[in-house]
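The values are calculated or read from the model by the stated rules, or taken from the named source; none is laboratory data. Quick caveat, the model's predicted, so the values are computed rather than measured. In this analysis, Cβ positions are derived from the backbone assuming ideal geometry, glycine residues included, and neighbour counts consider all displayed protein chains.
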Amino acid sequence: MKMADGGFRPAYNVHLTSTTERSVIVAVEVNNEGTDQPAMLPLAEQLEARYQVQPKEWLADGGCASLTNVDRMSERGCKVYAPTRIDKPTRRKDSPAVAEWRGRMQTDEAKAIYKLRAQTAEWVNAQFRAQGLTHLLVRGLEKVRAVVLMHAITHNFRRSCALAS
């Protein structure tokens, strides 16, 4: 992957999906791609396969929001809340789902919903760092996924203890 210093080194991209109400991790994806865009659909598919539910709303990082992802999530009946890359409400080539997303993200309600990322998804990421997941001491996608899943299990166990009290 390309690094901030301009160099290329082995690296992994960890993607977590958590509930906004309880901050419980419900899906994990690990890849070695330099962009977040390929992760949204596999995470949604994990939710559908594991829990037999299709999410109605998806609060995503700006890096995950591609026009294709917005279209595919819309086909699943899911509204995406993620920042748009341009401030124009619609563009000529936009699909109806993308035009709706662009318009939705201009509203105060959508902006307020997106602000929930700081206290939900970003909080979960911060918990992972607090648990020591800042560097991976293993190589290979399967080994990295195993380490991330152990952190997810630990996080969810701690959440269940906190929610039970």
For segment 91-108, give me each residue that is outside any helix (DSSP H, G or I) and under 14 Å from Glu57 (Cα atoms). Met105
Within segment 131-153, residues being farther than 20 Å from Leu59 by Cα and under 19 Å from the mean Cα position of the chain (by Cα) number 12
Checking the structure you have, find out if any residue of segment 45-57 is under 10 Å from the mean Cα position of the chain (by Cα), surrounded by 14 or more Cβ atoms within 10 Å (Cβ to Cβ) and free of Cβ contacts under 8 Å to residues at least 40 places away in the same chain. no
Check segment 109-128 and report whether any residue there is acidic (Asp, Glu), outside any loop (DSSP other than H, G, I, E, B) and at pLDDT 95 or above. yes
Met150 - would you say it is more than 29 Å from Arg72 (Cα to Cα) and not charged (D, E, K, R)? yes
If you go through segment 115-138 one residue at a time, do you hit one that is under 26 Å from Leu149 (Cα atoms) and either in contact with a Lys or Arg (Cβ under 7 Å, 6 or more places away or on another chain) or of a type in the set (Ser, Thr, Tyr) (or both)? yes
